[in-house]
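Data first, discussion second: the structure below is written as structure tokens.
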Amino acid sequence: FGRRIVVMDPKGEYGTLAAFCDTKVIALRPGGRVKLNPLDKRIAQHDRLRLLNAISAAALDRPLKPQEKTALERALESAAVIARGEATLPGVVECLLNPSEDAGKLLAADQASLIEWGREVAFELRRLVTGDLKGMFDGKTSRTVDLGAEVVVLDLSAVYDSDALGILMTCAAAWLQGVLAESTDRKTIFVLDEAWAILSNLGIAKWLQASFKLSRARGLQNIAVMHRFSDLAATGAQGSQQERVARGLLSDTETKVVYAQPHGEVAATRELLGLTDTEAELLPHLDRGVGLWKVGERSFLVWHLVGRTERELIDTDARMVRPLVHNLAS
């Protein structure tokens, strides 16, 4: 149908689909050969600063102070000038720790003040550029990265167990959405698997919500995948801003697809989606491949028929089953 598919794959489950479509997976791993620059010059300047604030707040695990936002803004501007147009995270860290003498003139702040404002942020961001996560987002985007294919899969499985998974997914998603925004003449389906990892942090969840609101203008159809709707309720304390942002993201989603849910998940799913008694009672009894689709105010039961070729592409149980068969045979 002329759509491009771009998949954020935290668990490495879409490689078979990419191979079937004759495209190579873009694998991001610490110390690997592929780099993405979340501050890529192709991304709008205000989006770059918004992303930098989001990942900094996530790294600190708290909202940014006004002074920290100011230090980040000045560091981003300085890093872009030094790099002749395109800032990188290492450049921003360097400008936070060692701002120029005149960097704070417009703010009536001296060099020592800027250093103090940005010191804690800089130390947290250093992990992405010099620590155990270096080699993914610490330089300009690799020339080998091509978004021209019909199916693009970004594999983050090498860092799936990292406590920084949400930050890493956000860096990658920001780069993807920023670059994709350039080519609005081509409609894109953007799949964000394991969406709970991004929604688990307030700053990042806000960034995602804002990005989703721009999807129409950018020709993007966003699909967020999670195992349970209670994952949204678990993003923060009841009534917290974090939970409200997560629920707001769900409210902004026009189409919800729910497959079979265990009895313990029915109440949360019903409350979040406003299901009727009949719809809620159906959820634990849906057969495999049958989903409850909520399209606007209308509801449908949809049976997803899977052909032989498709079955091989979507079988994510293969890794568990094949070793078992081998062991039984031996």
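Read-outs throughout are calculated quantities, based only on the coordinates presented, and are distinct from any laboratory measurement. Quick caveat: nothing in here was measured; it's all calculated off a predicted structure. A quick note on method: Cβ atoms are made from the backbone with ideal geometry, for glycine too, and the neighbour counts reach across all protein chains shown.
Here the translational diffusion coefficient of region 86-170 follows from Stokes-Einstein with Rh set to the Kirkwood radius across Cα pairs; for 4 °C and 1.567 mPa s it amounts to 86 µm²/s. Helix 66-82 and the longest principal axis of the Cα set of the chain meet at an angle near 80°.
Given the C-alpha atoms of the chain, compute the convex hull and give its volume per residue in Å³. Don't jump to the answer; show the numbers that get you there.
On the way: hull volume 54.8 nm³, N = 330.
Enclosed volume per residue, from the Cα hull, is 166 Å³.
Rounded to the nearest 10 degrees, the angle from helix 318-329 to the longest Cα principal axis of the chain is 60 degrees. Give the angle, between 0 and 90 degrees and rounded to the nearest 10, that separates the Cα long axis of helix 111-129 from the longest principal axis of the Cα atoms of the chain. Taking Cα atoms only, the helix is inclined about 40 degrees. Of all DSSP beta bridges confined to the chain, the antiparallel ones make up roughly 35%.
Whole number please: convex hull volume per residue, Cα atoms of region 136-181, in Å³. Kindly include the intermediate steps, with their values, before the conclusion.
Details: hull volume 4.1 nm³, N = 46.
Residue-normalised Cα hull volume stands at 88 Å³.
Please give the length that would be gained between residue 300 and residue 255 if that part of the chain were fully extended, namely 0.36 nm times their separation in residues minus their C-alpha to C-alpha distance (nm, one decimal). Don't skip to the end; give the middle numbers.
Working: separation 45, 0.36 × 45 = 16.20 nm, distance 1.10 nm.
Full-extension gain reported as 15.1 nm.
Three semi-axes describe the equivalent ellipsoid of region 27-101; taken as square roots of 5 times the Cα gyration tensor eigenvalues and ordered largest first, they are 20, 16, 12 Å.
Average projected area of the Cα convex hull of region 1-155, in nm²? Write down the numbers at each step before the final one.
Details: hull surface 41.7 nm².
Projected over every direction and averaged, the Cα hull of region 1-155 covers 10.4 nm².
Given R0 = 41 Å, the distance between the Cβ atoms of residue 286 and residue 61 translates into a calculated FRET efficiency of 0.60.
Tell me the GluC sites (Glu not before Pro) within region 73-123 that lie in a loop according to DSSP and have at most 10 other beta-carbon atoms within 10 Å. Answer in residue order: 101.
Quick one: putting +1 on the C-beta of Lys and Arg, -1 on the C-beta of Asp and Glu, what dipole do you get for the chain around its Cα centre, in Debye to the nearest 20? Could the numbers behind the result be given before it?
On the way: 41 positive and 43 negative charges, 136 e Å.
Value, rounded to 20: 660 debye.
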